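The values are calculated or read from the model by the stated rules, or taken from the named source; none is laboratory data. These numbers come from a predicted model, not from an experiment. Cβ sites come from the backbone with ideal geometry, for glycine too, and all protein chains shown count toward neighbours. SASA here: full protein model, heavy atoms, side chains in, ligands and nucleic acids out. Shrake-Rupley method; radii C 1.70, N 1.55, O 1.52, S 1.80 Å.
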Amino acid sequence: SISWQAEDGSLVYGLFYAPVNPYFRAAGLPPAIVHVHGGPTSQAVAAYSNQVNYFTSRGYAWLEVNHRGSTGYGYEYRRKLDGNWGRVDSEDAAGGARALAEQGLANPKQLVIMGGSAGGYTVLNSLIQYPGVFKAGVCLYGVSNLFLLDQDTHKFEAFYNASLIGTLPEAAEKYHAWSPVFHADKIRDALAIFQGEDDKVVPPNQSEEIVASLQRSGVPYIYQVYAGEGHGFRKSETQLDFYPRVERFLQQNVLFAP
């Protein structure tokens, strides 16, 4: 468990996993993946994870960011995201990346941000709001347009944005400011986007608009759509394709990039 200070002076919490493999050793600071959980008012807990073990066994450090608004750290901590989703989560992800460098836990020139759904939304906003902090991003079925999220998402989360951002039309300015699709031209760091073809929570159009902007800007990217997958990848064949594909993307754009 590690912590770092946010811009307002409050503490932000995370879980750090050092790279480990009994058969290999390396000198110097490792590259690191800063991972943002979904929810967004969820929590990353210290438990076995295939994903964490996949990357730490390949030499990456891993940081789970329990940004302000995550559960598990008290009522006041959880409420810090209300009216601020799109701002404090991105701030805390960038702060976590800087904390790894400042605490001598990772190479500051080889930092990656990764997340799915709400975590993918934070990935996009972090690349927009904090260019250059991360060498690359990996976004899984991430929210890019808050207006469309209000219109398209499933019934269970139909009014989630009202507490996390505000009600429309009064909060329209926030919706626009924190919707990555309207600011995607500011992305300068390499980005891998993964999407389920049948996603009803965050439909493919949310990813496609970001991809179109990356194409116009000439930013290095990959875009992979998985047939038969919804919100979250469950097929074994998807998993077998996804992890090596991410690893190749990071090798090309982080490990061996100038």
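Structure above, values below:
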item	result
Neighbours by Cβ (under 7 Å, 6+ apart or cross-chain): first from the stretch 165-180, more than 21 Å from ARG79 (Cβ to Cβ); second open to solvent by less than 80 Å² (accessible area, probe 1.4 Å) and among the aliphatic types (A, V, I, L, M)	SER179/LEU146; PRO180/LEU124; PRO180/ILE128; PRO180/ILE210
Given (1) open to solvent by less than 20 Å² (accessible area, probe 1.4 Å); (2) more than 23 Å from VAL138 (Cα to Cα), index of the condition GLY72 fails	(1)
Pick from the stretch 109-133, criterion within 19 Å of THR56 (Cβ to Cβ) and either of a type in the set (A, V, I, L, M) or touching a helix residue (DSSP H, G or I) at 6+ places or on another chain (Cβ under 6 Å) (or both), ranking: surrounded by the most Cβ atoms within 10 Å (Cβ to Cβ)	ILE113
Residue tally, condition part of a loop (DSSP other than H, G, I, E, B), among the polar types (S, T, N, Q) and under 25 Å from TYR17 (Cα atoms), over the stretch 66-90	2
Meets criteria (in a loop (DSSP other than H, G, I, E, B) and either open to solvent by less than 20 Å² (accessible area, probe 1.4 Å) or of a type in the set (Val, Ile, Thr) (or both)) for GLY166	yes
Listing of strands (runs of 3 or more DSSP E) fully contained in the stretch 1-65 that carry 3 or more residues being open to solvent by 70 Å² or more (accessible area, probe 1.4 Å)	none
Residue ID - modelled with the lowest pLDDT, chosen from residues in the stretch 155-188 that are under 22 Å from SER207 (Cβ atoms) and among the aromatic types (Phe, Trp, Tyr)	PHE156
Qualifying residue in the stretch 201-217 (condition: open to solvent by 60 Å² or more (accessible area, probe 1.4 Å) and in a loop (DSSP other than H, G, I, E, B))	no
Residue match in the stretch 236-246 (condition: open to solvent by less than 50 Å² (accessible area, probe 1.4 Å) and either at pLDDT below 95 or part of a loop (DSSP other than H, G, I, E, B) (or both))	no
Qualifying residue in the stretch 95-108 (condition: more than 24 Å from ARG248 (Cα to Cα), of a type in the set (A, V, I, L, M) and at pLDDT below 95)	no
The one condition in (1) touching a residue at least 40 places away in the same chain (Cβ under 8 Å); (2) charged (D, E, K, R); (3) under 25 Å from VAL52 (Cα atoms); (4) surrounded by 19 or more Cβ atoms within 10 Å (Cβ to Cβ) that GLU229 fails to fulfil	(1)
From ASP150, ASP198, ASP185, residue being acidic (Asp, Glu), open to solvent by 60 Å² or more (accessible area, probe 1.4 Å) and more than 25 Å from LEU250 (Cα to Cα)	ASP198
